[in-house]
Structure formats: C-alpha cells, structure tokens
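Here the structure comes first, spelled out in structure tokens, and everything after it is commentary.
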Amino acid sequence: MQETLAKYLPELAVGPCYALIKDSQVHLKIVNERVTRHGDYRMRKDGNHQITVNASLNKYRFLITLIHEIAHLIAFEKYGRTIKPHGVEWKKTFQYLMLPFIRPEIFPSQLLPLLARHFKNPKASSSTDAQLSIALKQFDEQQSDKTYVYELPIGCVFRIYNGKLFKKGNKRTKRYECVELSSGRMFLFQPNAEVELIKS
C-alpha cells in the first residue's frame with residue numbers, strides 16, 4: 001500500500017497517510033477520473049468503509065482529497081451519522097487532520113498561504129476556493145487546453161464537460177451568471193470552472 005501511495009502523494013506525506021488509512025480501517029480505491037468529483041467516502045453494506053480518489057489528480061490535490069474523505073469517516077464515527085456531511089464537525093476534523101501536512105516539506109511555498117486561508121473554514125470542495133484551485137492546477141502533469149470562466153469576455157458562448165452551451169453574463173459577488181442556451185435557465189459558475197470557448 002505504501003508503494004502505491006508513493007506514486008500519488010508528496011514523499012513526506014506517504015507515511016502519515018498510510019497510518020491514517022490503517023488506523024481508520026478504510027479501503028482506499030484509486031479510480032479513473034470522474035469529472036464531477038475528486039473523491040468520495042461511503043460505508044458499504046457490509047459495514048466496511050471505502051474511499052475512492054481520482055488517479056488523475058496531482059499529488060497535492062490527491063493529498064487534500066484523501067484527507068477530506070478520511071475526515072468524513074472520522075467525523076461520522078466520532079459525532080454520529082446524523083451530522084451534515086460538510087458541517088461544523090467535519091470542518092473541525094478536516095482542519096485537525098490536515099494541519100500536520102501544511103508545511104514547506106510537503107507543499108510548495110506558494111501554496112502554503114492559500115492553504116492556511118482555505119483551512120480557516122474549509123469548503124465542501126477545494127474546487128470552490130477559486131484561488132486555491134487555480135494555484136493547484138499549475139501542478140497538473142497534463143496542462144488542460146480549456147479556459148477558466150473568469151478569463152472569458154462577457155457575452156461569449158462556452159461549452160462545459162457534458163456538451164451543454166452557455167452564454168457568460170455578469171459577475172455576482174463571487175460567481176458568474178451564465179444562461180444555458182437550450183433552456184434559457186440561469187446558472188451560477190465558479191470563476192475557476194474549466195470550459196471550452198465556442199464564440200466570443
């Protein structure tokens with residue numbers, strides 16, 4: 001297991017992550033990329049715990065995702081299954097588990113201030129923290145040929161991963177109002193959503 005983890009994690013995170021997996025008695029499955037999520041946790045019918053993490057993630061995002069999912073398991077065990085999946089109990093658990101990893105021996109120095117800010121109040125997904133998400137993407141092995149929503153001009157048409165077309169509108173506080181062309185419905189997009197520009 002440690003040899004496998006060494007392919008996906010920063011070197012100094014391998015030992016502590018292996019210990020967390022072992023102590024939690026969780027089955028880790030590394031899976032092909034899913035567009036809508038980086039990872040997930042579930043309790044199987046037999047009562048055993050399973051975490052899946054996308055194999056395509058860079059080692060820093062893989063680490064954050066793995067700890068995110070282990071935090072679900074530990075929070076449910078500690079506080080009971082009635083807690084909200086990304087509620088206060090999960091946030092506290094995630095912060096506690098992640099703290100030993102937020103150091104320059106594990107993460108590049110340019111990510112540390114962004115991680116420190118993010119973990120003051122962690123979100124349901126690191127992707128909803130646009131600044132952190134964009135900073136993490138620069139460590140992806142394959143650089144995407146897609147564009148971020150925030151880079152596009154207002155009024156342009158873009159396509160998302162499932163083929164649907166949208167027209168970019170104005171920015172609200174943090175997200176962009178975009179109209180789906182086929183239905184006329186309005187959707188809010190994170191600034192760091194990766195899309196394909198069709199017509200500017």
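Quick look at the numbers
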read-out	value
Residue among D23, D46 that alone is free of Cβ contacts under 8 Å to residues at least 24 places away in the same chain, surrounded by fewer than 18 Cβ atoms within 10 Å (Cβ to Cβ), in a helix (DSSP H, G or I) and assigned by TED's automatic domain parsing to the domain that holds S126	D23
Within region 120-135, tally of residues that are crowded, with 19+ Cβ neighbours inside 10 Å and either part of a loop (DSSP other than H, G, I, E, B) or among the aromatic types (F, W, Y) (or both)	2
Some residue of region 75-96 being in contact with an Asp or Glu (Cβ under 7 Å, 6 or more places away or on another chain) and polar (S, T, N, Q)	no
Residue within region 151-172 that is among the small types (G, A, S), surrounded by fewer than 14 Cβ atoms within 10 Å (Cβ to Cβ) and not assigned by TED's automatic domain parsing to the domain that holds F62 present	yes
Residue in region 145-152 that is outside any loop (DSSP other than H, G, I, E, B), without any contact (Cβ under 8 Å) to a residue 24 or more places away in the chain and farther than 18 Å from V195 by Cβ present	no
Of all residues making up region 26-43, the number that are touching a residue at least 24 places away in the same chain (Cβ under 8 Å) and not in a strand (DSSP E or B)	3
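The values are calculated or read from the model by the stated rules, or taken from the named source; none is laboratory data. What you are looking at is a predicted structure, and each value in this text was computed from that prediction instead of being measured. Cβ coordinates were reconstructed from backbone atoms using ideal geometry, including for glycine residues, and neighbour counts include every protein chain displayed.
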